Amino acid sequence: MLYHTHEFGRIAMQPARMMAEAGEMVFSNPYNPWSHTWFGKTISASCHVFESTTRRFGKPKFGLDQTEIDGTVVPVTEEIVGRKTFCQLKHFVRDADRPDDSRLLIVAPMSGHFATLLRGTVESMLPGHDVYITDWRDARMVPTYEGSFDLDDFTDYIADYLRLLGPNTHVMAVCQPGPAVLAAVSILAEEDDPSTPASMTIMGSPIDTRRSPTVPNRLAQERPYEWFEKNVINRVPPTAPGFWRQVYPGFLQLTGFMSMNFDRHFDSHVNYYNHLVEGDGDSAQKHREFYDEYMAVMDLTAEFYLQTIKVVFQDHDLPRGSWVHRDRLIKPEAIRKTALLTIEGEKDDISGLGQTQAAHDICINIPAEMQQDYVQPNVGHYGVFNGRRWHNEIAPRVAEFIQRHNG
């Protein structure tokens, strides 16, 4: 009933949000003399902060309509090249004749946020690569008659998309999908499929959570599987198309993330309020851009979430060599021709140091000259794939690695 209670509370707050919106409009209107006073500015800022912290944020747009290639601004359009029940494969089509650019499949995490959280990742890779990304669907929006979705399906989707894109594709796993991407590549390699990717980049990923365990890792270890099944799985309320589907709600994931850094998020909102009162539009806009993305969350199917908890975080099936995918043992040792790059953040509090590097220990038949590991100093989990250090220091290393192993 937790989800139903949360939804009831959101609906009950709607009149207050509408009043807050009206108050902000009144006290920010330049024709209202009060809007130029300290009192009017504080009322306007208070109304705005209240409304923005209580609303439901919808799925954001990528908004990447152009990129710069060799000093020339090039238009970019989005195209859907593959549709499945729980995902669509999105292609960022550049209006430029660059047939030699490497084809890159970015596998976005299915961990509570939409694929648009990787907007900065895509933006940095667009100038030199033909970029595709997995755009996962919010489980609350999928009617129950459309079927279930678990970790096995997730892995199959990745393998199918690699087959769709064909030979000499490069794949990048950001955070959560690392184990599934490694499993999918193992399956393709064992079958000697020509669509086995040329390179595999795994970033901030829980390949082996026994190494440098973080708070989320300990939570998964300390509580039995049945605890998660009983306490965090809820049914979608009747306000959404996925009514009665069992899910791990996105708001629970968001609450967990924010509680890990509560002081930082609280201070950020206090500063946001002060920026609004002071009229510091640039700083306020940066806050809005970040939190409009961060607060937009999606639900995960119960079967996907629970299977991930068991296989990845409790049983550690991949590093132990015991992951069985549809009655088939996953064999990372089958990977021989796919180059492997792992990237970690020195201060990552989600996937601790060494968890991603573990991929090298289980891909024992990839030649040493085709393997590379990099730890980015002074960045946390988010900084591994977004922000200034990603753009200036990490992305160029990824691009160089892909180019070195292209074809």
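Of note:
- Sequentially through the stretch 324-336, phi angles give Karplus couplings (6.51, -1.76, 1.60; θ = phi - 60°) of 9, 10, 6, 6, 10, 6, 6, 10, x, 5, 6, 6, 10 Hz, Gly and Pro residues having no value and appearing as x.
- For the chain, fraction of C-alpha pairs farther apart than 30 Å, in %: 44 percent
- When only the Cβ of Lys, Arg, Asp and Glu is charged (+1, +1, -1, -1), the dipole of the chain relative to its Cα centre reaches about 820 debye.
- Sequence ranges 171-178, 237-244, ranked by mean other-Cβ count within 10 angstrom, highest first: 171-178, 237-244
- For the stretch 99-112, putting each phi into the Karplus relation 6.51 cos²θ - 1.76 cosθ + 1.60 with θ = phi - 60° gives couplings of x, 8, 5, 6, 8, 10, 9, 9, 9, 6, x, 10, 9, x Hz, in residue order, rounded to whole numbers and with x for Gly and Pro.
- Quotient of the Cα radius of gyration of the stretch 1-55 and 2.2 N^0.38 Å, N being its number of residues: 1.38.
- Within the stretch 1-55: Cβ-based charge dipole about Cα centre, in debye rounded to nearest 20 (Lys, Arg +1; Asp, Glu -1): 40 debye
- Each residue of the stretch 341-350 is assigned a 3J(HN,Hα), and the resulting list reads 10, 10, 10, 9, x, 4, 10, 5, 9, 10 Hz, derived from the Karplus form 6.51 cos²θ - 1.76 cosθ + 1.60 (θ = phi - 60°), x at Gly and Pro.
- Long-range HN-HN contacts of His325 with modeled amide H, under 5 Å: Ile330
- Order of Met19, Met110, Met298, Met125 under a 10 Å beta carbon neighbour criterion, fewest first: Met19, Met298, Met125, Met110
- Nearest-ten-degree value, helix 262-278 long axis tilted from longest Cα axis of the chain: 50 degrees
- Residue-normalised convex hull volume from the C-alpha trace of the stretch 320-368: 94 Å³ per residue.
- At full extension, Glu21 and Thr144 could sit 40.7 nm farther apart than now, given 0.36 nm per residue minus the alpha carbon distance.
- Most positive-pole-ward Cα, Asn32, Phe57, Ser148, against dipole of the chain from beta carbon charges: Asn32
- If R0 is taken as 22 Å, the Cβ-Cβ distance between Trp244 and Asp292 corresponds to a FRET efficiency of 0.15.
- Between Glu229 and Thr5, the contour length at 0.36 nm per residue exceeds the Cα-Cα span by 78.8 nm.
- From helices alone, the chain scores -12000 deg cm²/dmol at 222 nm; the rule is -39500 (n - 2.57) for each run of n ≥ 4 DSSP H residues, then divide by the residue total.
- Rg to Rh, two decimals, where the stretch 1-150 supplies the alpha carbon set and Rh follows Kirkwood: 1.12
- Using the Cβ-Cβ distance between Glu222 and Val324 with R0 = 22 Å, the FRET efficiency computed as 1/(1 + (r/R0)^6) comes to roughly 0.30.
- GNM result for the chain, Cα springs below 10 Å: residue of Tyr157, Tyr31, Tyr132 fluctuating most strongly: Tyr31
- Efficiency of FRET between Ser35 and Met13 - r from beta-carbon atoms, R0 25 angstrom, step 0.05: 0.45
Just so you know, all these numbers are worked out from the coordinates, no wet-lab data involved. As the structure is a computational prediction, the values presented were derived from the model and not from experiment. For neighbour counting, all protein chains shown are included, and Cβ atoms are generated from backbone atoms with ideal geometry for every residue, glycine included.
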